[in-house]
Amino acid sequence: MNAVIILAYFLLRLLASVLLFSILLIGIQYLTTTIYDFEEPAPFSGKKWLNPYQSVGKERIKANFHAHSCAWKSLTYGKSTAESLRNGYKEKGYDIAAVSNYFSLDTTGKQNDPLYIPVYEHGLNVFKSHCLVLNPQNISYCDYFLFQSTSHQQKVIEQIKAQKGIVVIAHPEFNRGRSLNDMKYLQHYDLVEVLNHFRISDAHWDAALSTGKLAYLLANDDSHSTDADEMGRVWTVILSPEKTKDQVLNSLLHGKAFGVYTEYNECENDFVSCNLKGDAVYVRFALPADTILFIGQGGRVKKKVVKSDRAVYKLKQTDTYIRVVAKNSESRIYLNPIARYDASAGKALLASTQLPKENKLQTWLFRACDLGLLYFPLRGVWLLWRPKKRNRRFRRINFLKRPILFQP
């Protein structure tokens, strides 16, 4: 019975120690926290309009940048090998079929595919505040496992940027990984994954656009297998002048692309053109859409056109940006926004060029508080495993009571 009690006590101590060590390790992560001062957001303004489709390339590149294969000894969820995953996309007519495993750059296709682009998914935090990283030089491992303020999310972006990667805010709606308020303030990222088979994050996109953050869209499957309900449902079409890696990435970063979301792997329509003429936006599609929506400031629908392959929207003084969605019964096409800008600035300010400012005082105060809090789990582990000291007075009394075996 005593042995069982001793074993149970040991196991409880061990479990408590693991818990305290976990808290300690998570707390150590937060020692790298940087607190930023974010400028109060403001909508786009100016008399000029930037239209990413005013001049586009003739090549149409069908791409998926978000797919998971079996990796990390199956610790992450992916059912297929990287090779079978890539081949599955290629058979469906994709020009770019990236494998984006967590913190790992897959090299399948690197030797023989001129449009091979290395991609990985960044993020192990429980609330899914993840990023996709396109074409980085190295992998950034900076992350915060639990709570992430806007400053924590910004720090992750800055660390990825230091490795020369293209930063994509991944599925911001998924698991409430990012709030609408986060999207109003985050800066220095490049793209937003608006379409994903798990979630559509157009509200988060509108939150960024409505506060002057010009970031263009990305549309991906986020597939974890080659099953039809995950693979080939969502994709990006890049309008590039050439089928080369550099031209494709440049076109993507400058909004010369559109996103496609389908229910059953087939898109019923196609994008033809989006032009600005005077104070009006003219859009045209290959076939009549059930609905064409013009969406502006705050995500509000400004105009709705039904059963037509083309539509016109007259810009108003109150419009800051306009984006277009064409809907058919089983698919949708999302266009990038046209946005106002000040002619004196030369061009519209992309979110990727907006740099946050560090608040050094608050940064070091936060780190000092975190360091102080780390004392408690450390102290807890020590108390659990410290060697027991016998009472000296008790030992002295025992010594006096010992029988004297030899007398002089």
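Positive end of the dipole of the chain (Cβ unit charges, origin at the Cα centre): among 373, 142, 131, the Cα lying farthest that way belongs to 373. In loop segments of segment 57-138 as defined by DSSP, the trypsin sites (Lys or Arg not before Pro) with at most 12 further C-beta atoms inside 10 Å of their C-beta are 58, 110.
In segment 28-89, Cα pairs under 8 Å separated by at least six residues give a relative contact order of 17 percent.
Mind checking segment 31-90 for chymotrypsin sites (Phe, Trp or Tyr not before Pro) that DSSP puts in a loop (not H, G, I, E or B) and that have at most 12 other Cβ atoms within 10 Å?
Working: sites: 36, 38, 44, 49, 53, 65, 72, 77, 89; in loops: 38, 44, 53, 65, 77.
Sparse-neighbourhood loop chymotrypsin sites (Phe, Trp or Tyr not before Pro): 77.
For segment 250-260, putting each phi into the Karplus relation 6.51 cos²θ - 1.76 cosθ + 1.60 with θ = phi - 60° gives couplings of 5, 5, 4, 5, 9, x, 8, 6, 9, x, 10 Hz, in residue order, rounded to whole numbers and with x for Gly and Pro.
Can you give the local net charge around residue 266? Use residues other than it whose beta-carbon is closer than 12 angstrom to its beta-carbon, Lys and Arg +1, Asp and Glu -1. Write out the running numbers ahead of the final one.
Numbers: positive: 92, 233; negative: 263, 268, 270, 330.
Summing Lys and Arg as +1 and Asp and Glu as -1 gives -2.
Once you've got the Cα coordinates, tell me which of 92/256; 161/243; 90/184 are over 30 Å apart. Listed pairs above 30 Å: 90/184.
The Cα trace of segment 1-143 gives Rg and Dmax of 23.5, 84 Å, the first to one decimal, the second as a whole number. Think of each Lys and Arg Cβ as +1 and each Asp and Glu Cβ as -1; about the Cα centre, that makes the dipole of segment 4-63 roughly 440 debye. Amide H contacts of residue 216 (H built 1.01 Å from N, in plane; Pro and chain starts excluded): 192 sit under 5 Å, all sequence-distant by 5 or more or on other chains. Indicate the gyration tensor shape class of segment 42-91 (rounded, prolate or oblate), computed on the Cα atoms with a ≥ b ≥ c the square roots of the eigenvalues: a/c under 1.5 is rounded; otherwise a/b larger than b/c is prolate and the rest oblate. Oblate, because a/c is 1.5 or more while a/b does not exceed b/c. All Cα-Cα distances of segment 74-133, cut into 10 Å bins from zero to the largest, leave 22, 50, 25, 4 percent in each bin in turn. Across segment 359-366, computed HN-Hα scalar couplings (Karplus, 6.51 cos²θ - 1.76 cosθ + 1.60, θ = phi - 60°) run 9, 5, 4, 5, 4, 6, 5, 4 Hz from first to last residue, x flagging Gly and Pro. If you look at the Cα atoms of segment 117-240, you get an Rg and a Dmax of 13.8, 40 Å.
Once the 1.4 Å probe is applied to the protein heavy atoms, segment 12-128 comes out at 53 Å² accessible per residue. If you look for lysine pairs in segment 308-378 that are eight or more places apart or on different chains, how many of them have Cα atoms under 29 Å apart? Lysine pairs meeting both conditions in segment 308-378 amount to 5. Across segment 81-91, coupling constants 3J(HN,Hα) worked out from phi with the 6.51/-1.76/1.60 Karplus curve, θ = phi - 60°, read 6, 4, 5, 5, 5, 4, 4, x, 5, 4, 5 Hz, and Gly and Pro carry x. Using a Gaussian network model of the chain in which every pair of alpha carbons under 10 angstrom is joined by a spring, one finds that among 261, 116, 321 the greatest mean-square fluctuation is at 116. When the chain is modelled as a GNM with alpha-carbon springs shorter than 10 Å, which of 180, 85, 12 fluctuates the most? Per the Cα network of the chain with a 10 Å cutoff, 12 tops the list.
Might you report the magnitude of the Cβ-based charge dipole of the chain about its Cα centre, with Lys and Arg at +1 and Asp and Glu at -1, to the nearest 20 debye? List each step's numbers first, then the result.
Values: 54 positive and 37 negative charges, 517 e Å.
Magnitude of the dipole: close to 2480 debye.
Computed on the chain, with alpha-carbon pairs under 8 angstrom and 6+ residues apart, the relative contact order is 20 percent. Each Lys and Arg contributes +1 and each Asp and Glu -1, all at the Cβ; summed about the Cα centre of segment 81-127, the dipole is approximately 20 debye.
For residue 160, what charge total do you get from the other residues with a beta carbon under 12 Å from its beta carbon, if Lys and Arg give +1 and Asp and Glu give -1?
So the environment of residue 160 carries a net charge of -1.
Plainly put, the chain has a radius of gyration that is 1.17 times its Kirkwood radius, both from alpha-carbon atoms, as the Rg/Rh ratio.
Which of the trypsin sites (Lys or Arg not before Pro) across segment 290-372 are loop residues per DSSP, with 14 or fewer other Cβ within 10 Å?
Numbers: sites: 300, 302, 303, 304, 307, 310, 314, 316, 323, 327, 332, 340, 347, 357, 360, 367; in loops: 316, 347.
Counting only loop positions with at most 14 other Cβ atoms within 10 Å, the trypsin sites (Lys or Arg not before Pro) in segment 290-372 are 316, 347.
Scanning residues 5 or more positions from residue 309 or on other chains, those with amide H under 5 Å from its amide H are 289, with H placed 1.01 Å from N in the peptide plane. Carbon-plus-sulfur accessible fraction, segment 133-195 (probe radius 1.4 Å, protein heavy atoms only): 47%.
The values are calculated or read from the model by the stated rules, or taken from the named source; none is laboratory data. On a predicted model such as this, the values are computed, not experimentally measured, just so you know. Cβ atoms come from the backbone with ideal geometry, glycine included; neighbour counts cover every protein chain shown. In case anyone asks, the SASA skips ligands and DNA or RNA and just uses the protein heavy atoms, side chains included. Shrake-Rupley method; radii C 1.70, N 1.55, O 1.52, S 1.80 Å.
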